[in-house]
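Notes follow once the structure below has been shown.
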Amino acid sequence: MNMIHKAIARKNICNALVLLAFFAATVPGANAKHRAVKHSEQSTTVVAHLALSGAPANQLYLHENDGKEYLYLVANSKEGLMVVDVTNPDQPNIIKRLAWPNEASAGRLQMVGDGIALAKAPENDATASADVSPTETVSLLDLSDPTNPRTIQSFSGVTSTLADDARNLVYITNNDGLWILMHPPQRTASSKPRGCLTEDVFNEFANCQ
């Protein structure tokens, strides 16, 4: 009889150990799962929203000038190009609107240098014929003052353009032939003038102002 009781006791102890092992294996897993779905306090947040009229932008370009950041919004509408000051991202400010060449209802912007861009707009008399290439009016824009884009020169009947960034050139073709334009080289962060220091007085090659 004692042997039977001892056998039952050993069986109960074994069952208890199995249950303890089961809980030890499952409870930490449940806690880990709970921690995994916990939302991070470092999640992305919206810092600003700027309501825009007209067609939505289909191109965005960011341009830095004198420590300020400007965002160029390009839309396929007569409103053309919009310049937004995003230096303070929580306070975006529209500072300029620029219509497409020939007041076209669509256009594209192509950055080709440091403060230089091509504004391209299809011409009204452009045809989709397989024998005739569609033409554009292309304006060369000076963005050295980002708040006031200025048209340097315009070309009509343009059939193709190509930017040669390595040599700071732009190739344009139209009915008058080939045009080759040269623009200032794009300055890197190290080549941009900085504030002069005392030791720069003895350095005639110091790039400062």
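Considering only strands (runs of 3 or more DSSP E) fully contained in segment 75-164, which possess at least 3 residues that are within 19 Å of Asn58 (Cα to Cα) and of a type in the set (Gly, Ala, Ser)?
Working: elements: 81-85, 93-98, 108-113, 116-122, 136-142, 150-158, 160-164.
Once the strands (runs of 3 or more DSSP E) in segment 75-164 are filtered for at least 3 residues that are within 19 Å of Asn58 (Cα to Cα) and of a type in the set (Gly, Ala, Ser), what remains is 116-122.
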Original post:
Restricting attention to segment 108-124, which residues are more than 22 Å from Asp66 (Cα to Cα), surrounded by fewer than 18 Cβ atoms within 10 Å (Cβ to Cβ) and in contact with a strand residue (DSSP E or B) (Cβ under 7 Å, 6 or more places away or on another chain)?
Top reply: Arg108, Glu123
Original post:
With respect to Leu81, is the statement that it is out of contact with any helix residue (DSSP H, G or I) (no Cβ under 6 Å at 6 or more places or on another chain) and open to solvent by 40 Å² or more (accessible area, probe 1.4 Å) true?
Top reply: no
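Would you check which residues across segment 30-56 are closer than 13 Å to Met82 by Cβ and modelled with pLDDT of 85 or more and list them?
In the first step, residues of segment 30-56 are kept if they are closer than 13 Å to Met82 by Cβ; the result is 50-56.
Hits for segment 30-56 are Leu50, Ala51.
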Original post:
Within the set of pairs 6+ apart or on separate chains, which have a first residue in segment 144-159 that is over 17 Å from Pro184 (Cβ atoms), a second that is open to solvent by 70 Å² or more (accessible area, probe 1.4 Å) and in a strand (DSSP E or B), and C-beta atoms under 8 Å apart?
Top reply: Phe155/Trp179
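The values are calculated or read from the model by the stated rules, or taken from the named source; none is laboratory data. Just so we're clear, the structure is a prediction, and the values are computed from it rather than from any experiment. In this analysis, Cβ positions are derived from the backbone assuming ideal geometry, glycine residues included, and neighbour counts consider all displayed protein chains. Keep in mind that these areas ignore ligands, DNA and RNA; they rest on the heavy atoms of the full protein, side chains included. Shrake-Rupley method; radii C 1.70, N 1.55, O 1.52, S 1.80 Å.
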